[in-house]
Amino acid sequence: MSSYKDAGVDIDAGNRAVALMREAVRSTFTPAVLADVGSFGGLFALHGLPREPVLVASTDGVGTKVKLAAEHGRWHGIGQDIVNHCINDILVQNARPLFFLDYIASSRLVPEQVADVVTGIAEACRGAGCALLGGETAEMPGVYAQDAFDVAGTVVGLVDRSALLPQPQAMQAGDVLIGLSSSGPHTNGYSLIRRAIAEQDTAMQLADGRTLIDALLAPHRCYLPEIDALQKAGVQTLGMAHLTGGGFLENIPRVLPAGLDAVVDVRSWQTPELFALLVGWTRFDDAQEAYRVFNMGIGMIVIVHANEVQKTLETLPEAVAIGRLQQGSGNARVILEGVQG
């Protein structure tokens, strides 16, 4: 063995990946970014801070959706997935993203694949007004299985302490749950999804004209524009729940006070065909399990007082009232109405 490349690590490939992604990264820079691509650390200047600034940070990954994407050579959407997932996670605390950092690891670095992922990351960052401040690509043969690929990211956002969400002390029985539609499974449930579709034709066409694989790899939706619109309209938002791993049953209680339950009527929205197919293929023993694994077509829930519902639905015509809060008996929980089987 005479070189690092002989050991499975190609430094030149890493350099070429950086060269390919450089302009995409620079396209996200705002005046607050003080260091160019390639610096040891990203520099971000803080201007116009609120009275009591609070930084909100979140780190996450794309999970095994990345494996499905790799099998079909679909890299761009994975980059959008990781950014939008992380932004939604801090959005529920009412933070707005400042900058994002990514981490891409593989058994063997393919510059074009990495550049495609980062281009997707940059696109999502630009859409949210968020700088892609830096990142890391790691080639680790022997740690990752052959052709394995992983993507993770960290977002840092800002909110005034007085505007932090949720506001459980303001919640009361009769408050309404407003559902915002998802773009698909987002980034959750893919270990089960990959098993469920093992014997299915991923080129099959759905009623909306998309193929099954297109629907499964649709990028995670970012809800920042919708929440901005609600707040601009003066709607008092009491709390939000991002329906990620754990679905309805585990995410909604995270923002509720003890003593209040969330009642979700699953008949209040039309379950998208994709989820109906997935539920049929997985054959859940317990019908409620689908609402714990999948978002079932609802990606974000906003909690408002009953007198704010009309303004909310006028501001967001695609939104739908899907449930309410009621007095409970101790720990917050979710009650599903209308689940069959």
Amide proton proximity set for Leu109, modelled H, under 5 Å, gap of 5+: Asp10
MRE, 222 nm, helices only [DSSP H, n ≥ 4, -39500 (n - 2.57), over the chain, to nearest 500]: -8500 deg cm²/dmol
Size of charge dipole - the chain - debye, nearest 20, with Cβ of Lys, Arg +1 and Asp, Glu -1, no other charges: 480
Simple spin-label estimate for Arg195 and Ala138 in nanometres, 7 Å along Cα-Cβ: 2.8
For the chain, share of DSSP beta bridges that run antiparallel, in % to the nearest 5: 75
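Find out how many positive minus negative residues lie around Met240, taking Lys and Arg as positive, Asp and Glu as negative, among other residues whose Cβ is under 13 Å from that of Met240. Walk me through the numbers on the way to the answer.
Working: positive: Arg254; negative: Asp89, Asp175, Glu226, Asp228.
It works out to a net charge of -3.
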Calculated from backbone phi, Karplus (6.51, -1.76, 1.60) coupling profile of region 217-233 in Hz, x at Gly/Pro: 9, 4, x, 4, 6, 9, 9, 4, x, 5, 5, 4, 5, 4, 6, 5, 7
Candidates Gly63, Gly323, Gly234: whichever shows maximal mean-square fluctuation once the chain is modelled as a Gaussian network with Cα springs under 10 Å: Gly234
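Net charge near Arg324, counting Lys/Arg +1 and Asp/Glu -1 over other residues with Cβ under 15 Å of its Cβ? Intermediate values should be presented prior to the final figure.
On the way: positive: Arg267, Arg333; negative: Asp175, Asp261, Asp265, Glu308, Glu337.
Combined, the nearby Lys, Arg, Asp and Glu give -3.
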Relative contact order of the chain, defined on C-alpha pairs under 8 angstrom at six or more residues apart (%): 21
Extension gain (nm, one decimal) between Ala233 and Gln167, 0.36 nm per residue minus Cα-Cα: 21.9 nm
Loop trypsin sites (Lys or Arg not before Pro), region 44-99 (other Cβ atoms within 10 Å of the site Cβ: 12 or fewer; DSSP): Arg51
Separation between Cα centres of region 224-240 and region 155-205, rounded to whole Å: 16
FRET efficiency, 1/(1 + (r/R0)^6) with R0 22 Å, evaluated for Arg283 and Ala207 via beta carbons: 0.50
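When 1/r is averaged over all different Cα pairs and the result inverted, which Kirkwood radius in Å belongs to region 148-226? The partial results should precede the final answer.
Values: mean 1/r = 0.0597 Å⁻¹.
The answer is 16.7 Å.
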For Thr137, distant residues with modelled amide H under 5 Å away: Ile104
Cut-off under 5 Å, modelled amide H: who pairs with Met300 long-range: Leu180, Leu243
The chain: angle of helix 11-26 to the longest principal axis, Cα-based, in degrees nearest 10: 50
Under the Karplus curve 6.51 cos²θ - 1.76 cosθ + 1.60, θ = phi - 60°, whole-Hz ³J(HN,Hα) for region 187-196, x wherever Gly or Pro sits: 10, 10, x, 6, 5, 6, 4, 4, 5, 5
Residues of type aspartates and glutamates that Lys232 reaches as a straight line, Cα spacing below 18 Å, ignoring anything fewer than 8 places off in the same chain: Asp160, Glu308, Glu314, Glu318
Relative contact order (percent, whole number), region 29-181, Cα cutoff 8 Å, 6+ residue spacing: 35
With Cα atoms, 0 to 90° folded angle of helix 111-127 axis to the chain main axis: 40
With Cα atoms, 0 to 90° folded angle of helix 273-282 axis to the chain main axis: 80
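Laboratory data are not the source of any read-out in this text; all were calculated from the coordinates shown. Values in this document were obtained by computation on a predicted structure and should not be read as measured data. Glycine gets a Cβ as well: all are built from the backbone with ideal geometry, and neighbour counts include every protein chain shown.
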